[in-house]
Each structure stands twice: as structure tokens, then as C-alpha cells.
């Protein structure tokens, strides 16, 4: 069952993916089971991408389709972002938004509420915004090396304010240098978007 | 051997006096010159002077006329954002919706100041070196340019759900790419680096590449009046290598995430390879680590020509230390002969 749904997502076939769910579940009653299935499948897709077995375009389309499906069958999900959450995601320094978009879709599709800070250039502005919003877990996406090393400045801003926060980083520079997340003083790094789900769940349990 | 002889020997799958070193310096020249990246690229004389200086200092076997990717977006009416310590980025996409593709025109190269600056850079470099050092020009592939024209998300959506618009945009981009490449060849570029990151299996599936990026590359490269190197900007290429060979490109760039020895074996003399030093790790390497990285690549792929040693992303990052580049240069002399 899971395999068929996954295949439809990887083919970017949203009609097939939706009709598969509507045939397999009672959409009005089994919301939690659907979220669990979607979360499982997206985690698998994330691992496949990490292994180099599938492409970024497939992971992007899969996450988008899942988000659309959930918005359709669980309309209350659509407004979750505006509800109280202490998790936020941001693109630091530049206009490369895709990583943030995919991770956000993965998290929303797995029932994790998240605030989207968009793109912020200044480490100081980012830290201030996180503090104002009482953020406890901050996900920072970067594409370029010179953006990635600015995470250290973000951490420094939090330290100066004595503000305790977990920072999860992701993006190309961290994939090419697996020690960079430690150098920039992050708490963890994610290779695939599915890692964000695992790490946030782990942090929640701490 | 001079740099040109060394590179041509390697490309003909024969052993040169040493493995050619292709350090692709773009905005790094601003660091060498001690001026801002924006100022550096505003005057071709800055680039010519820095390219010549870096060629001698780091014993690199090419001159790199590339400035920044969004230069091509500027030709379409877009803007560039400059940073103090990293590659310039494209500003907002020029296409706000897909319908605007209907009105999009192929830019005139003569009318775009930033393209003209690159052509003046190439001519100036050619005057300096004649045919002793390869001068590398750069184009964005028609298939990869829309990431800047539309934004990545909208481009992926268009590929999937609006193939008619995709085909229209590709026609415009192909014409522009061929004109821009040939203008650089006419100005004195020895070869064109065809940047095509979207074709990497990291971005689109090999099946999708076959009907899009591959077909576009084959048609475009055939019209470029000089040799080409296909660069995936650190994206992997192993799964599509057979198709890449069919595009008649001369060189493929190998990601540092790939085993360069394995890629060389697959190519088996049909294609030369460029790579695959890890530019991100390079920013924190010690001199010993730099030497080891060079030695490993040469041991895996340096025998009997066919290898051009380079960083894998297509430009040396601003944060790489001078002493590391000097270590790379001396390691090539030590292990690459």
C-alpha cells in the first residue's frame, strides 16, 4: 500500500496519489492514519534522496503534493502556522528558497507546526525575531558557504542575550563538509528534509 | 610544456608533463586584488590583471573569464546582489508568471554592458597569452538558466505541469546560449564551460534528463563553435555519463561526492574529466590535507591523461586560504608528474 502511494508521489502524479488515499482510507475519519502514512513515505523518500537514488525535483514535488492533500482533507492544518509554535525556519542571507520550502512541507505533512521567517540577511535581525517569537528550535537553511558560516554569528547573538535555543542547520555547504555544523556552533545538521522531523522529535523528548 | 600544450595533451588521453591544474578563480580575484567583489567585476582591467597574477602565483593552467552566473539574468533585464565575501547572486526572478514567457525576447549581446565587460576581459586575456594558456568562457545551459529566470520552485512546477511554456522558454534560452557562447569564442575564448547543474541526477531524474536537459545540451553544444566542458556545479553525473558523452562535450566535471577513479573508468577515454577537489572542505583544510586530497585524485584518475585537476563547484570559494592554494599547486607538481 505504502509503495503504491510512494510511486505516485515520485511520478508527481497527484491525482493518483489522492485517489489512492481516498480508496484506502475514510478521509473524514482517519486523518491521523493518513498523516502517519504520509510521514512514513516522506521519511523513506528523504532517505532515498540522501542515498542519491532520487532527485531533488522528486522530493520537492512529493512534499508539495502531500501538503496539498493534507490541506484538502484536513483543512484545519492550513491554519496551523498561525497557531502557537516554538519552531521556526529561515533562509539565511540569500534568495535560495527551495530547501526551506521542502523542509517546511515535510514538517507540515508530518503534523509539525512551524513558523516561516522567510529570508533574513542579518544574523542580528534573525536572532531578534526568534527571541520575539519565543522560538526554541530554529531551522536555518543555506546554499552558499559564506551564508553557512554566518550561523556562528546567529549563535553569538543568542549568547549575548542569554537566550537558550537549539539550532538545526541544513543545505549544500553542510552536505559537502560534514563537520561544518559543529564549526558554526549548531546543535545538529540534517542531510535530508526527513532528518528535520527526526531531530525535532528527539529534541521534543529531551 | 606550456599550459595549452599540457591541457591539450591531457585531453587527447596522453600523459602530459604533469596533471593540468585548473583553478577556476572568479570572485576570488577580488580578494587577491584587495577590492570589493562589485568593484572588481565592474572593470575588465581588474579581472585581466588578477587572472594573470593568479595564473602565475598558483601555477593554474587556465584563465577563467567567468564573473558570476546572474550576469546572464542581467542580459534578460534582471539584477544582481553582491556580497562582500561570496559569489554574487541573482536578485528576484525576471518572470513573475509563465505568460510573460510569450513576450520574452532573446537579449542582444551588444546591448548588455555586463556581457560586454566579459568579452573585453576575454580579448584582454587573449592579448596577454595568445595561445599559450587556455581561456575558459562560461555559459549557463538553457536548461539551468530558468532557476534564475523563474525561481527554482516555479521552474520545477513548470517542468512538471506546464511543458508548453517550458518548451517556449527553452527555445529562447537555446538561442541566447549559442549566441553568448559564440561571442566569447570570437572574442578569444579557447573553450566554453557549459554550466548545467539542473541536469545532474541530484536535481532531476535521469529519465527526465534524457527528454529535457540531454536533448537541449546535444542541440546547443552542436552549435557552439568551440570545444565545451559540461559542468554540474558539484552535482553528481555518474548515472547520466553515457548521455553526456553523446552530447559531444569534451569534458565532464565530477562531484567530490563521487569516486573520480570510477568515473574515469566509465569514461574510458571517451570523455576527459575535471575535478573533484571539495571546495567547501578546502576552506578549512590544512596544507597536509590539501596535499593528500590532490594526491588521492591523481592516484585514482591521473594515469595516461584525461584528468584536469580542479575544485568541483566551478569557482574557488572566497574563504580558501592562499597557503592552501599554494599547497595544491605544489602537490600537483610533486604527485602529478
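The values are calculated or read from the model by the stated rules, or taken from the named source; none is laboratory data. These numbers were taken from a predicted model, which means no experiment stands behind them. Backbone-built Cβ (ideal geometry, glycine too); neighbour counts: all protein chains shown.
Return yes or no: is residue B:235 within 14 Å of chain A (Cβ to nearest Cβ) and in a loop (DSSP other than H, G, I, E, B)?
Yes.
With respect to residue B:79, is the statement that it is surrounded by fewer than 18 Cβ atoms within 10 Å (Cβ to Cβ) and away from chain A (no Cβ under 14 Å) true?
no
Somewhere in the range B:312-321, is a residue within 23 Å of residue A:174 (Cα to Cα) and more than 14 Å from every other protein chain (Cβ to nearest Cβ)?
Taking every residue of the range B:312-321 in turn, none turns out to be within 23 Å of residue A:174 (Cα to Cα) and more than 14 Å from every other protein chain (Cβ to nearest Cβ).
Being surrounded by fewer than 21 Cβ atoms within 10 Å (Cβ to Cβ), within 9 Å of chain B (Cβ to nearest Cβ) and either touching a strand residue (DSSP E or B) at 6+ places or on another chain (Cβ under 8 Å) or at pLDDT 85 or above (or both) is the requirement here; does residue A:37 meet it?
no
When you look at residue B:96, is it farther than 30 Å from residue B:308 by Cα and assigned to a loop (DSSP other than H, G, I, E, B), yes or no?
yes
Within the range A:100-176, which strands (runs of 3 or more DSSP E) (wholly inside it) include 2 or more residues that are at pLDDT below 95?
A:115-120
Exactly one of these conditions fails for residue B:256: (1) surrounded by fewer than 24 Cβ atoms within 10 Å (Cβ to Cβ); (2) over 21 Å from residue B:280 (Cβ atoms); (3) within 14 Å of chain A (Cβ to nearest Cβ); (4) touching a residue at least 12 places away in the same chain (Cβ under 8 Å). Give me its number.
Failing condition for residue B:256: (2).
Whether any residue in the range B:323-337 is modelled with pLDDT of 95 or more and at positive phi is what I want to check.
There is no residue in the range B:323-337 that is modelled with pLDDT of 95 or more and at positive phi.
Can you tell me which residues in the range B:37-72 are assigned to a loop (DSSP other than H, G, I, E, B) and surrounded by fewer than 16 Cβ atoms within 10 Å (Cβ to Cβ)?
B:43 - this is the single residue of the range B:37-72 that is assigned to a loop (DSSP other than H, G, I, E, B) and surrounded by fewer than 16 Cβ atoms within 10 Å (Cβ to Cβ).
What's the number of the condition residue A:95 fails, among (1) in contact with a strand residue (DSSP E or B) (Cβ under 8 Å, 6 or more places away or on another chain); (2) modelled with pLDDT of 85 or more; (3) within 14 Å of another protein chain (Cβ to nearest Cβ)?
Against the list (1) in contact with a strand residue (DSSP E or B) (Cβ under 8 Å, 6 or more places away or on another chain); (2) modelled with pLDDT of 85 or more; (3) within 14 Å of another protein chain (Cβ to nearest Cβ), residue A:95 comes up short only on (2).
In the range B:155-169, which residues are away from every other protein chain (no Cβ under 14 Å) and within 22 Å of residue A:96 (Cα to Cα)?
Correct list: B:169 only.
Failed condition for residue B:167, given (1) closer than 19 Å to residue B:232 by Cβ; (2) modelled with pLDDT of 95 or more, with all others met?
Going through (1) closer than 19 Å to residue B:232 by Cβ; (2) modelled with pLDDT of 95 or more one by one, residue B:167 breaks only (1).
Is it the case that some residue within the range B:200-216 is in contact with a strand residue (DSSP E or B) (Cβ under 9 Å, 6 or more places away or on another chain) and either at the interface with chain A (Cβ under 10 Å from one of its Cβ atoms) or in contact (Cβ under 8 Å) with a residue 40 or more places away in the chain (or both)?
No, the conditions are met nowhere in the range B:200-216.
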